[in-house]
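Notes for the one structure printed next.
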Amino acid sequence: MNALSQPGGHSQLLRQIRSIMASEDLAQKRLDGLVESIARNLHAQVCSLYLRHSDNSMELWATHGLAASAVHVTRLEAGEGLVGEVVRTSRPLNLDDAPVHPAFSFHPETGEDPFHAFLGVPVLRGGRLLGVLAIQNRESRHYSDDDVEALQNVAMVLAEIVASGDLLSASELESVALRPSRTETLAGRRISDGLALGQAVLHDPARLRTALIAEDPETEKRRLQDAIKALRASVDALYQGKGNRLGGPSREVLEAYRMFANDQAWLDRLCEAAGSGLSAEAAVERVRGEHRARLLTARSPYLRERLHDLEDLANRLLRHLGAVDELADLPENAVLVARNIGPAELLELDRSRLKGLVLEEGSPTSHAAIVARALRLPVVGHLTGLLDRVSAGDTIFVDGQMGEVTLRPEPDAEMDMRARITERRLRRAAYARLRDKPARTLDGQRITLSMNAGLRVDLPQLDESGAEGIGLFRTEFQFLLAEHLPHQNEQVQLYRAVLDAAGDRPVVFRTLDLGGDKLLPYVAHEREGNPAMGWRAMRMALDRPGLLRYQLRALIEATGGGVLNIMFPLITTVDEFRAARALLDAEIRRMARFGHAVPAHVNAGAMIETPAIVWQLEELLREAAFISVGANDLMQYFFAADRENPKVAERYDILNPGALRMLGHIARLSRKTGRPASICGEIAGQCAEAAVLIALGFDALSVPPAAIGPVKRMVLALNRKDLARKLTRWMRQPQIPVRENLMAYARQKGLPL
Ligand code: PEP
Ligand code: MG
């Protein structure tokens, strides 16, 4: 029976390691002591530590039992030998007869040929492999599960010590792959515009600050079991819809969560690790590290998704154990590095310190992206391998314009980046000077520039941007970000806050546009094959009007005796508009019956988002007070190109003559009938597209707040009639794209597009 088979054997080894590491000796001496102590405790003739270099070669860093002269001399190529095999799989390798293994490689300088038994375990930290710890014995033997467990625990402790930086010199830290030091540029996807330069803060919310080694394994096991119980209860509560900060997972995600929280194998691994001498926190970290390393090498998106769930659970567990939440105390100029983040969590961060966000995953249409844009926080997503390449404290440049991220920029590059940030700031200051100037074209056409909004955090932008009102208030955001269905009262409060902030500037409330990709986390949904063309917006609202009715009441109440501007999304037939309007009228009558103040005036409009309604406009405009073109949807249906699918979303140019003819038709009918038409899709906020829309006859644009300045500057330099004439000509010349003609025209006329 070896020492480790006895109760407390593991703890004893861990305690020895702690005292070796705490000694005043030089780093190398401490490492030599460490491998010696492991060898002695595990009855091994050899114990060696290999650390990984950034080129993935493995250097022998300390050994007991192999030739001391091989230390810092033996280097295994990437993937070479049994050590390479441990690196490749990120799992322990336990062999009775190492030399017969196909991966075995022989280095005469180490004098290792007589050794048969081999046990190697990865030294992992946060899923990153720092090195390999191996023991060997001359005789052929199979190391017990206890031995494997003990070596893994030591590796875990070692990883934390190595990562803490006090074991290696600065130059050594640079040379091993612990801290990538090269500058690197990663290409991702633009999620939120803007530039930021700052220090990386890892999202991994609960980091280890506690002792790694248990004073008393039984206490640690109990602490862990209590935390697991609390975790299970909180996940159950979440599943049953009681409030939580998850940030909108769907029921399916919650189901997977629940399954993991109750997964016996996961729990057994945790308890085993805690019982073997690690503190409860270190046990969670170790099991997390193993899963992460394993799943990171998995190709299947399903498995990688599960990794996210498991990590999240591990973080929650650490919180239940009382770990510190570093995000509560961000450094100045923080750039948050995360796999993904929920919208509610983003809103809780200190915006004055948070300068940017970079995500390994993330999508431009996610709720977090919506919040980030409202906060004007630069965000880049889809950065493959990001978490593997960044260390806390690294300098990061976030380029939300290009969708790129530069890690650890060289000093010269950093200077360029600072210059770009300053230039952008100056440009914004120039826009701010235009704030109170009316937008009027050179030939005297007044253009109304309003802003799109959807959250309370958008409201200060009304004054800052100089918007003339809110042309589109997306009411569903409140529902999407909430943890439960917002009460009527909560809706009233939000609408009142919006109206108060707007003062006498008009606000157009768009009724709930749910369904499609906007699913409520707390409502069960049937999965649709083609959600963009599915049961969404007014289709849903008219089939099940309960939610819409409550919303209409809230809007009527918030408006009191004032003017209610309201529009209905995705109207496809005139009948749908009529039915929506009838619901609104019924609610007004009902409120009046109950003695509430009702709006003195109601403007009810329709969003033009389907080609079908474009060809019924004359009829619609007899009933709708105004129309607003939702070009995001209208163009997706016009081109049959999913706006969420990056492969096709930008495939077709909106300045295509077909699309322009349809838009021109809308503008003409609006003029003919005297019913106002505005345009509120993203294109209205892009200068080139906005110039063309104005030339087509639109004189009201509703755009993201940050676009008001640039669009106004363009309007002030635009001759509408002149461009309209040219545009008619360009549209008849299919051989030259309209955009190309437009750009040449803009250069010639000095039009800032
Ligand atoms: C649109 O479709 O253009 C629009 C403004 O609505 P949303 O982007 O919210 O679908
Ligand atoms: Mg839309």
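The values are calculated or read from the model by the stated rules, or taken from the named source; none is laboratory data. Note that this is a predicted model, so its numbers are computed, not measured. Every residue, glycine among them, receives a Cβ derived from its backbone with ideal geometry; neighbour counts consider all protein chains shown. Side chains are part of the model used for accessible areas, which takes the heavy atoms of the whole protein and leaves out ligands, DNA and RNA. Shrake-Rupley method; radii C 1.70, N 1.55, O 1.52, S 1.80 Å.
All conditions in (1) of a type in the set (Ser, Thr, Tyr); (2) at pLDDT 95 or above; (3) out of contact with any strand residue (DSSP E or B) (no Cβ under 8 Å at 6 or more places or on another chain) hold for Ser670, with the sole exception of (3). Pairing residues of the range 632-647 that are in contact (Cβ under 8 Å) with a residue 60 or more places away in the chain with residues that are more than 15 Å from ligand 2 (Cβ to nearest atom) and part of a loop (DSSP other than H, G, I, E, B), at Cβ distances under 8 Å and at least 6 apart in sequence or on separate chains, gives Asp642/Val648; Glu644/Ser363. Annotation: Ala537 fulfils all but one of (1) open to solvent by less than 10 Å² (accessible area, probe 1.4 Å); (2) modelled with pLDDT of 95 or more; the unmet one is (2). Scanning the range 712-721 for residues that are more than 15 Å from Glu464 (Cβ to Cβ) and either of a type in the set (A, V, I, L, M) or under 37 Å from the mean Cα position of the chain (by Cα) (or both) returns Arg713, Met714, Val715, Leu716, Ala717, Leu718. Screening Ile654 against (1) within 16 Å of ligand 2 (Cβ to nearest atom); (2) free of Cβ contacts under 8 Å to residues at least 40 places away in the same chain; (3) not small (Gly, Ala, Ser); (4) not in a loop (DSSP other than H, G, I, E, B) leaves a single unmet condition, (4). Just to be sure before I move on: is Arg651 over 30 Å from the mean Cα position of the chain (by Cα) and more than 16 Å from ligand 1 (Cβ to nearest atom) in the structure I sent? Spelling it out, it is not the case that Arg651 is over 30 Å from the mean Cα position of the chain (by Cα) and more than 16 Å from ligand 1 (Cβ to nearest atom).
Taking the range 673-691 as the range and being open to solvent by 20 Å² or more (accessible area, probe 1.4 Å), part of a helix (DSSP H, G or I) and within 14 Å of ligand 2 (Cβ to nearest atom) as the test, only Glu682 passes. Evaluated against (1) over 34 Å from the mean Cα position of the chain (by Cα); (2) assigned to a loop (DSSP other than H, G, I, E, B), Gly605 falls short on exactly one condition, (2). Checked against (1) under 19 Å from Ala532 (Cα atoms); (2) within 16 Å of ligand 2 (Cβ to nearest atom), Val648 meets all criteria but (2).
Only residues that are surrounded by 11 or more Cβ atoms within 10 Å (Cβ to Cβ) and assigned to a helix (DSSP H, G or I) were counted in the range 738-753, giving 10.
Taking the stated definitions as given, is Arg527 modelled with pLDDT under 95, open to solvent by 10 Å² or more (accessible area, probe 1.4 Å) and within 13 Å of ligand 2 (Cβ to nearest atom)? Answer is no for this residue. In the range 552-572 there is no residue that is surrounded by fewer than 21 Cβ atoms within 10 Å (Cβ to Cβ), in contact with a helix residue (DSSP H, G or I) (Cβ under 8 Å, 6 or more places away or on another chain) and of a type in the set (A, V, I, L, M, F, W, C).
Among residues of the range 261-286 that are over 19 Å from Asp216 (Cβ atoms), none has a beta-carbon under 6 Å from a residue that is open to solvent by less than 10 Å² (accessible area, probe 1.4 Å) and of a type in the set (S, T, N, Q) at least six positions away or on a different chain.
Among the criteria (1) farther than 21 Å from Arg544 by Cβ; (2) within 16 Å of ligand 2 (Cβ to nearest atom), the one Glu623 does not fulfil is (2).
Figure legend. Inter-residue proximity from the range 677-703: first residues under 17 Å from Met731 (Cβ atoms), second residues within 12 Å of ligand 1 (Cβ to nearest atom) and outside any helix (DSSP H, G or I), beta-carbon distance below 8 Å, spacing 6+ or different chains. Indicated pairs: Ile683/Ile654; Glu689/Ile654; Leu693/Ile679; Leu693/Leu701; Ile694/Leu701; Phe698/Val629; Phe698/Ser678; Phe698/Ile679. Annotation: Gly120 fulfils all but one of (1) small (Gly, Ala, Ser); (2) under 30 Å from Val390 (Cβ atoms); (3) loosely packed, with under 15 Cβ neighbours inside 10 Å; the unmet one is (3).
Note on the range 578-613: residues that are β-branched (Val, Ile, Thr) and within 14 Å of ligand 2 (Cβ to nearest atom) amount to 3.
For every residue, the table says whether it meets (1) assigned to a helix (DSSP H, G or I); (2) in contact with a Phe, Trp or Tyr (Cβ under 8 Å, 6 or more places away or on another chain); (3) away from ligand 2 (no atom under 15 Å from the Cβ).
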residue: Ser628; (1), (2), (3): no, no, no
residue: Arg643; (1), (2), (3): no, no, no
residue: Ala667; (1), (2), (3): yes, yes, yes
residue: Leu693; (1), (2), (3): yes, no, yes
residue: Ser702; (1), (2), (3): no, no, no
residue: Gly709; (1), (2), (3): yes, yes, yes
residue: Lys712; (1), (2), (3): yes, yes, yes
residue: Leu718; (1), (2), (3): no, no, yes
residue: Lys726; (1), (2), (3): yes, yes, yes
